[in-house]
1. Please determine whether any residue of region 1-8 is among the aliphatic types (A, V, I, L, M), surrounded by fewer than 10 Cβ atoms within 10 Å (Cβ to Cβ) and not in a helix (DSSP H, G or I).
2. Report the residue count in region 123-143 for those that are touching a strand residue (DSSP E or B) at 6+ places or on another chain (Cβ under 9 Å), in contact (Cβ under 8 Å) with a residue 24 or more places away in the chain and within 30 Å of Arg33 (Cβ to Cβ).
3. In region 113-122, is there at least one residue being outside any strand (DSSP E or B), in contact with a Leu (Cβ under 9 Å, 6 or more places away or on another chain) and either surrounded by 13 or more Cβ atoms within 10 Å (Cβ to Cβ) or touching a residue at least 60 places away in the same chain (Cβ under 8 Å) (or both)?
4. So Glu94 passes all but one of these: (1) crowded, with 20+ Cβ neighbours inside 10 Å; (2) farther than 21 Å from Leu75 by Cβ; (3) of a type outside the set (A, V, I, L, M). Which condition number does it fail?
5. Across region 28-77, which residue is farthest from Gly101 (Cα to Cα) among those that are in a helix (DSSP H, G or I), in contact (Cβ under 8 Å) with a residue 24 or more places away in the chain and basic (Lys, Arg)?
6. Of all residues in region 13-27, which are over 30 Å from Leu99 (Cβ atoms) and of a type outside the set (Phe, Trp, Tyr)?
7. For region 42-68, which positions are surrounded by 15 or more Cβ atoms within 10 Å (Cβ to Cβ), of a type outside the set (S, T, N, Q) and more than 15 Å from Met138 (Cβ to Cβ)?
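Each value in this text was obtained by applying a stated rule to the coordinates, not by laboratory testing. Everything numeric in this text was worked out from a predicted model, so none of it was measured. Neighbour counts run over all protein chains shown; Cβ positions are idealised from the backbone, glycine included.
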Amino acid sequence: MKKGQSSIEFMTFVGVAIVLLLLFIGVSVFYSRLIAQQELAVTARDLTLILKSEIDLASTVENGYSRTIRLPATLDGKNYIFALGDTGQSTAREVFTELDGNQFSEILAVDISGVGVSYELTDQKQFLTIVKNNNQVMIQKSS
């Protein structure tokens, strides 16, 4: 009777250990996915802030300023939507980025003159040129 009782206790202990292990793995997977989503959001927000700071810098410097910025084709392997200036997705004083349904926008210190720049999901993102002439900041796609 002692041998049977000890084997049942051992099997119960192993069963409880397996349940706890599965619970730990489930919680770990949940938090790993949550952290990955937060990293994507931070990446998109960083791109928005970098472009905002570049345009704000262009608004404060002298005429003749020109800067070309290389845009990443994807953000962490995912396509994104980007709009700058007066487009259907953003206003003349706004930088807009959308990644996996998360939208980020920043207000610029200066109006973008002329037509804005917009990249859709399938567009090949290359370079963005920021130019200041006649006290107006303009944005152009370039390759």
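1. Yes, that holds for at least one residue.
2. 1
3. Yes, region 113-122 contains a residue that is outside any strand (DSSP E or B), in contact with a Leu (Cβ under 9 Å, 6 or more places away or on another chain) and either surrounded by 13 or more Cβ atoms within 10 Å (Cβ to Cβ) or touching a residue at least 60 places away in the same chain (Cβ under 8 Å) (or both).
4. (2)
5. Checked region 28-77; the qualifying residue farthest from Gly101 (Cα to Cα) is Lys52.
6. Within region 13-27, Val14, Gly15, Val16, Ala17, Ile18, Val19, Leu20, Leu21, Leu22, Leu23 meet the criteria.
7. Ala44, Arg45, Leu47, Lys52
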